[in-house]
Amino acid sequence: MKLPTTKTLGICQPIRVQGSGTGVLLLHGYTGCPYSFRNLVSPLIEQGYTVYAPRYPGHGTNGEDFLTTNWRDWLRAAQDAYYDLSSICNTVHTIGFSMGGAISLILASSLNINKLVLIAPALFISGWKIKFSSILSLFFKKLPSGYFEESPVQEYQYLVKEYLSYYWPSQASSLLKLARMARQSAGRVRSKTLILAGAKDTIVPIKAAKIVYEKIATVEKALEIFESSEHDLLNGPQSEQVVNTILSWLRDRS
């Protein structure tokens with residue numbers, strides 16, 4: 001069978017911008033890409049940070065490519081990105097969205113991350129399919145998800161078609177693996193931590209943010225709940241408030 005041509009879409013390319021000796025690592029979510037941080041990247045650059053947003057293997061290309069990857073690939077890519085950033089920066093902060101939040105917790109449990117921002121961290125995921133993903137993966141590579149979204153950005157519309165239009169049992173099982181690892185790692189995290197959650201999030205239940213807040217070892221922590229926001233806080237109705245909250249946390253705490 002001839003596979004589709006695999007190439008990384010423009011909006012999914014890793015973002016690397018050299019700034020000061022303080023670096024910010026941006027870790028995107030499951031089926032996402034660096035485009036998720038489009039409202040945050042420019043403000044971080046304006047503040048002078050060195051910014052690095054990697055792309056996980058299998059993301060931002062096509063569905064067939066996605067099928068060849070799992071949690072080990074995604075976690076390894078995030079670890080390598082941290083090593084790359086720490087080699088040119090004296091201080092590294094990490095901002096993780098959804099699955100990226102789970103990965104950020106795993107990294108922070110063993111690596112020197114100064115400040116941690118977790119946006120809707122996926123320690124738990126809603127929906128019956130995710131609970132039975134291991135069983136479903138024995139019978140299906142993918143299933144229609146019923147999800148549809150219209151976007152004026154052509155490349156993002158392609159991502160919706162290739163990724164979000166389907167449910168991926170094996171990859172969803174990998175997401176659950178990272179969620180479990182994050183829950184186990186939380187008690188070893190001593191980074192200064194800001195946790196953000198949307199009150200209307202139907203993908204990651206709000207209990208995930210509350211459990212992180214309770215379990216992390218650091219005493220320097222804060223939990224902010226945005227009442228009008230759903231899962232994608234950075235690009236939702238309160239995105240400006242969310243971005244300002246993140247910038248303030250990074251700037252005002254030593």
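The values are calculated or read from the model by the stated rules, or taken from the named source; none is laboratory data. Predicted model, so just to flag it, every value in this text is computed and none were measured. Glycine gets a Cβ as well: all are built from the backbone with ideal geometry, and neighbour counts include every protein chain shown. These area figures cover heavy atoms from the full protein model, side chains too; ligands, DNA and RNA do not enter into them. Shrake-Rupley method; radii C 1.70, N 1.55, O 1.52, S 1.80 Å.
Within the stretch 92-131, the only residue that satisfies the criterion of being in contact (Cβ under 8 Å) with a residue 12 or more places away in the chain, surrounded by fewer than 17 Cβ atoms within 10 Å (Cβ to Cβ) and not in a loop (DSSP other than H, G, I, E, B) is Lys129. Looking for something part of a loop (DSSP other than H, G, I, E, B), small (Gly, Ala, Ser) and touching a His at 6+ places or on another chain (Cβ under 9 Å) - is there at least one such residue anywhere in the stretch 35-53? No. Looking across the stretch 205-244 at every residue that is of a type outside the set (S, T, N, Q) and touching a Pro at 6+ places or on another chain (Cβ under 7 Å), the one that is farthest from Ser104 (Cα to Cα) is identified as Val243. So is Arg180 open to solvent by 70 Å² or more (accessible area, probe 1.4 Å), of a type in the set (D, E, K, R) and within 30 Å of Arg251 (Cβ to Cβ) or not? The answer is no for Arg180. Looking only at residues of the stretch 187-227 that are open to solvent by 50 Å² or more (accessible area, probe 1.4 Å) and of a type in the set (Val, Ile, Thr), we find that the one that is modelled with the lowest pLDDT is Val219. When restricted to residues that are touching a Phe, Trp or Tyr at 6+ places or on another chain (Cβ under 6 Å) and either surrounded by fewer than 23 Cβ atoms within 10 Å (Cβ to Cβ) or small (Gly, Ala, Ser) (or both), the stretch 64-80 contains 1. Taking the conditions (1) under 27 Å from Gln241 (Cα atoms); (2) at pLDDT below 95 in turn, Gln18 satisfies each one other than (2).
A count restricted to the stretch 1-34 and to residues that are part of a strand (DSSP E or B) and of a type in the set (Lys, Arg) stands at 1.
Restricting to the stretch 132-159, and then to whatever is hydrophobic (A, V, I, L, M, F, W, C) and within 22 Å of Cys12 (Cα to Cα), can you tell me which residue is least open to solvent (accessible area, probe 1.4 Å)?
Initial filter on the stretch 132-159 (hydrophobic (A, V, I, L, M, F, W, C)): 132, 135-136, 138-140, 143, 148, 153, 159.
When the remaining residues are screened for being within 22 Å of Cys12 (Cα to Cα), the result is 148, 153, 159.
Numbers: Phe148: 143, Val153: 48, Leu159: 11 Å².
Going through the qualifying residues, I end up with Leu159.
Could you tell me whether the stretch 167-181 includes any residue that is in contact (Cβ under 8 Å) with a residue 12 or more places away in the chain and part of a loop (DSSP other than H, G, I, E, B)? Yes, because at least one residue in the stretch 167-181 is in contact (Cβ under 8 Å) with a residue 12 or more places away in the chain and part of a loop (DSSP other than H, G, I, E, B). On the stretch given as the stretch 21-50, residues that are within 15 Å of the chain's Cα centre (by Cα) and surrounded by 17 or more Cβ atoms within 10 Å (Cβ to Cβ) total 16.
Screening Ile113 with (1) of a type in the set (A, V, I, L, M, F, W, C); (2) within 23 Å of Val92 (Cβ to Cβ); (3) in contact with a Lys or Arg (Cβ under 7 Å, 6 or more places away or on another chain) gives one miss only, at (3). If the condition is being closer than 15 Å to Gly100 by Cβ and part of a strand (DSSP E or B), then the stretch 182-196 contributes Thr193, Leu194, Ile195, Leu196.
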